[in-house]
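Q: One structure follows; several queries about it will come next.
The values are calculated or read from the model by the stated rules, or taken from the named source; none is laboratory data. What you are looking at is a predicted structure, and each value in this text was computed from that prediction instead of being measured. When we count neighbours, we look across all protein chains shown, and the Cβ atoms used for this are built from the backbone with ideal geometry, even at glycine. All accessible areas refer to the heavy atoms of the entire protein, side chains included, with ligands and DNA or RNA removed. Shrake-Rupley method; radii C 1.70, N 1.55, O 1.52, S 1.80 Å.
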Amino acid sequence: MKVAEDKADRAAADLAQHRVHSAETFATKAGLQESTAQLLRAIEGVGNRIDGVHERLDRVFESRTSGRRTST
């Protein structure tokens, strides 16, 4: 009887230790969703900046080509 109680106590302690380890180690679904949302916002911001650079480059090249056409 004492051996069975000792095993049960050890199993309960191991389970509690595993629960703590899992809570510290594994990400929650909500945490992953928040991280994904942050990454998507950051990627969108980079895309917007690239679009802005693209538009400015277009204006520079348009002004150069239209300037050449008028002068020739």
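Q: Can you tell which of Ala27, His54, Thr65 lies farthest toward the positive end of the dipole of the chain, using +1 and -1 charges on the Cβ of basic and acidic side chains (Lys, Arg; Asp, Glu)?
A: Going by the Cα projections, it comes out as Thr65.
Q: Taking 35 Å as R0, compute the FRET efficiency from the Cβ-Cβ separation of Ile50 and Phe26 and round it to 0.05.
A: Computed FRET efficiency for Ile50 and Phe26: 0.50.
Q: Compute a Gaussian network model of the chain, connecting alpha carbons closer than 10 Å, and tell me which residue from Ala11, Ala27, Ala37 fluctuates the most.
A: Looking only at Ala11, Ala27, Ala37, the largest GNM fluctuation is found for Ala11.
Q: Accessible area per residue, 1.4 Å probe, Å², for the chain: what's the number?
A: With all protein chains present, the chain gives 94 Å² per residue.
Q: Give me the angle, in degrees from 0 to 90, between the Cα long axis of helix 2-25 and the longest principal axis of the Cα atoms of the chain, rounded to the nearest 10.
A: The two axes meet at around 10 degrees.
Q: Give me the angle, in degrees from 0 to 90, between the Cα long axis of helix 29-71 and the longest principal axis of the Cα atoms of the chain, rounded to the nearest 10.
A: On a 0 to 90 degree scale, this one is about 10.
Q: Would you mind telling me the share, in percent, of accessible area of segment 6-49 contributed by carbon and sulfur at probe 1.4 angstrom?
A: So the carbon and sulfur contribution to the accessible surface is 59 percent.
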